[in-house]
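Accompanying notes for the structure given below.
Derivation of every value follows stated rules applied to the coordinates shown; laboratory data play no part. Because the structure is predicted, anything quoted here is derived from the model rather than measured. Reconstructed Cβ throughout: ideal geometry from the backbone, glycine too, with neighbour counts over all protein chains shown.
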Amino acid sequence: TVLGSAGSQSMRRLSCVKLHTKKLNIQNLVNYEKQHIPITAIVFLNNKGIKICVSADQEWVKTAMKKIDQR
């Protein structure tokens with residue numbers, strides 16, 4: 001068992017094989033990670049600790065990543 005907040009833990013346990021297709025509320029996203037295998041995706045972590053896989057080539061995804069980086 002690993003103790004700590006969701007933001008301090010590695011997100012690597014999830015591998016995306018299917019992508020979420022709807023736009024997410026950027027204000028609810030707290031972290032992200034890039035994945036290249038088995039598919040290229042961005043894995044967002046929301047404020048409830050849920051990991052969501054999305055396509056990296058969508059404009060809103062790029063915007064969300066920039067906003068998270070600025071925090």
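Points worth noting:
- Peptides 25-32, 63-70, ordered by how many other C-beta atoms sit within 10 Å of their residues on average, highest first, read 25-32, 63-70.
- Local net charge near Asn25, Cβ-Cβ under 13 Å (Lys/Arg +1, Asp/Glu -1): +4
- Here the gap between Lys66 and Thr40, fully extended at 0.36 nm per residue and compared with their Cα-Cα distance, gives a gain of 7.5 nm.
- Using alpha carbons only, the radius of gyration of the stretch 26-70 set against its Kirkwood radius gives Rg/Rh = 0.94.
- Extended-chain gain in nm, criterion 0.36 nm per residue less alpha-carbon gap, Leu24 and Ile50: 8.1 nm
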